[in-house]
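What follows is calculated from the coordinates using simple rules that are stated; it is not laboratory data. Values in this document were obtained by computation on a predicted structure and should not be read as measured data. As a convention, Cβ positions derive from the backbone with ideal geometry for all residues, glycine included, and neighbour counts pool all protein chains shown.
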Amino acid sequence: MSVFGSVRLGLGDRAYDVVVGRGLLAEAERHIAPLLARPRVAVVTDSNVERLHLETLTQALARGGIAATAIVLPAGEETKSFAHLEKLLDKLLDARIERTDTILALGGGVVGDITGFAAATLRRGTPVVQVPTTLLAQVDAAIGGKTGIDTRHGKNLIGAFHQPRLVLSDVATLDTLPRRELLAGYAEVVKYGLLGDGRFFEWLEQNGRLVITGDVAARSYAVLTSARMKAEIVQSDERESGARALLNLGHTFAHALETELGYDGRLLHGEAVASGLVLAFELSQRLGLVGAADTARVRRHLAQIGLPAGLPAAAPAKGWDPRVLLDHMRQDKKVKGGTLTFILVKAIGKAFVSREIGESDVLGVLDAELAA
Ligand code: GLY
């Protein structure tokens, strides 16, 4: 198998495909050549992905007669900074990447975000192709055009919407992903089932283990189904004025947990999302919106897969403090006019946006979780 399936993001003259399959890096020239104005690209990657996948990609490009300049960034979240953006833009200009040339982002969310942002600004906008190599990037970050960097004020506060010309998701790259990162990415897959497709969640309950252990058909199906759901949402609300916010199910809690632990590797984003999914169900249950049986199913599935099914085990030295977490939520990007925004659920697969959540309910959920 090479191509398993593809999804079209219908964004008018910026429409593009997300292609999912196994062995796509080794045949990348076939997918990328038709998009190029001239047979020349820059490939931006990081030092980990360079070692694992860069040669496969550049060899395929060379077979197609496409010249590639590789730019290798240090691996890690710290790379999403002004300093590295400046260096990256300089290198792209040194390589004489022109406005109609294409930049390939080969890597996880960090590489995709900073490369996408560099492409958005280079010569006022240069085409980018996302080639995601982590589960998180394949099901979420690489699709939908959000790009950016972090600053001392917070994550992703500087950025641009810049849709790629193509997303090429090769599930073979997931074989080399550390198990912890794979699990963290899986939390975002679960999120799609919970927010909009109860049947997909049921499928995950039955087949989630196969996705983790490496079954190619199960992995490809999970990535393609997630991509399809993300595509539908982005198509309906590209700039997040409505439905796109549903993708933040679990994220208000998750960001507070991550902020408190300081992004030092003790808690990966996806692990925080798993906790956040449970807490979003608990909050919905507390408000009488969803039944306890649904919340219990979510906990059970996450625990079976090996993800946090409540507050994360990694905790600050003094333990989790609900009031401190609430304070982080008040700083969240999604706060509007001082009101907290949460994505709540009426059932598994039925999420909606709520801007009327009282802080006492949020504290109640966190206090109950700590007491459990
Ligand atoms: N990762 C959330 C979004 O793309 O909107």
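For the options ASP215, ASP113, ASP140, a Gaussian network treatment of the chain with springs between C-alpha atoms closer than 10 Å singles out ASP215 as fluctuating the most. For GLY5, nonlocal amide neighbours, meaning residues 5 or more places apart or on other chains whose placed amide H falls under 5 Å from its own, are VAL20. Residues in segment 34-46 carry Karplus couplings, in order, of x, 8, 8, 6, 9, x, 7, 9, 10, 10, 9, 8, 10 Hz; the curve used is 6.51 cos²θ - 1.76 cosθ + 1.60 with θ = phi - 60°, and Gly or Pro positions show x.
What you get for the chain, charging only the Cβ of Lys and Arg (+1) and of Asp and Glu (-1), is a dipole of about 620 debye around the Cα centre.
The modelled label-to-label distance between THR176 and LEU11, using points 7 Å beyond Cα along the C-beta direction, is 2.8 nm.
Phi angles of segment 78-90 translate, via the Karplus equation with coefficients 6.51, -1.76, 1.60 and θ = phi - 60°, into HN-Hα couplings of 4, 5, 7, 10, 4, 4, 6, 4, 4, 4, 5, 5, 4 Hz per residue; Gly and Pro are given as x. For segment 1-136, the dipole from Cβ point charges (+1 on Lys and Arg, -1 on Asp and Glu) about the Cα centre works out to 380 debye, to the nearest 20. Between ALA315 and ARG286, what FRET efficiency follows from the Cβ-Cβ distance if R0 is 22 Å, with the result rounded to 0.05? The computed FRET efficiency comes out at 0.50. Evaluated with a Cβ-only charge set (Lys, Arg +1; Asp, Glu -1), segment 214-372 carries a dipole of roughly 360 debye about its Cα centre, given to the nearest 20. Here's how it looks for LEU73: its modeled amide H is under 5 Å from those of THR45, ASP46, SER47, which are all 5 or more places away or on a different chain. Relative protection proxy for 188-194, 294-300, 235-241, 310-316, from highest mean packing down: 188-194, 294-300, 310-316, 235-241 (other beta-carbon atoms within 10 angstrom). Considering only beta bridges that DSSP places wholly inside the chain, some 45 percent are antiparallel. Modelled this way, with points 7 Å down the Cα-to-C-beta line, the labels at ARG99 and SER236 are 3.6 nm from one another.
For the residues LEU210, LEU57, LEU224, a GNM of the chain with alpha-carbon springs under 10 Å puts the largest fluctuation on LEU210.
The H on the amide N of VAL129, modeled in the peptide plane, is under 5 Å from the matching H of ILE103, LEU104, ALA105, ARG165, each at least 5 residues off or on a different chain.
What GluC sites (Glu not before Pro) does segment 288-372 have in DSSP loop regions with at most 14 other beta carbons within 10 Å?
Counting only loop positions with at most 14 other Cβ atoms within 10 Å, the GluC sites (Glu not before Pro) in segment 288-372 are GLU356.
Computed over the chain with a Gaussian network model linking Cα atoms closer than 10 Å, the most mobile of VAL216, VAL273, VAL20 is VAL216.
If you filter segment 46-125 for trypsin sites (Lys or Arg not before Pro), then keep DSSP loop positions with at most 10 other Cβ within 10 Å, what is left?
Sparse-neighbourhood loop trypsin sites (Lys or Arg not before Pro): ARG96.
Taking Cα atoms only, the orientation of helix 179-196 departs from the longest principal axis of the chain by about 70 degrees. Ranking TRP203, ALA309, SER6 by how far each Cα lies toward the positive end of the dipole of the chain (charges on Cβ) leaves SER6 at the top. The ALA372 and ARG330 beta-carbon pair, evaluated with R₀ = 30 Å, returns a calculated FRET efficiency of approximately 0.75. With axes computed from alpha carbons, what is the tilt in degrees of helix 292-305 against the longest principal axis of the chain, rounded to the nearest 10 within 0 to 90? The helix 292-305 is inclined about 50 degrees to the chain. Between the Cα long axis of helix 198-213 and the first principal axis of the chain there is an angle of about 60°, rounded to the nearest 10.
Checking the cross-link pairs LYS87/LYS191; LYS230/LYS318; LYS146/LYS346; LYS230/LYS346; LYS87/LYS146 against a 32 Å limit on the alpha carbon distance flags LYS87/LYS191; LYS230/LYS318 as lying beyond it.
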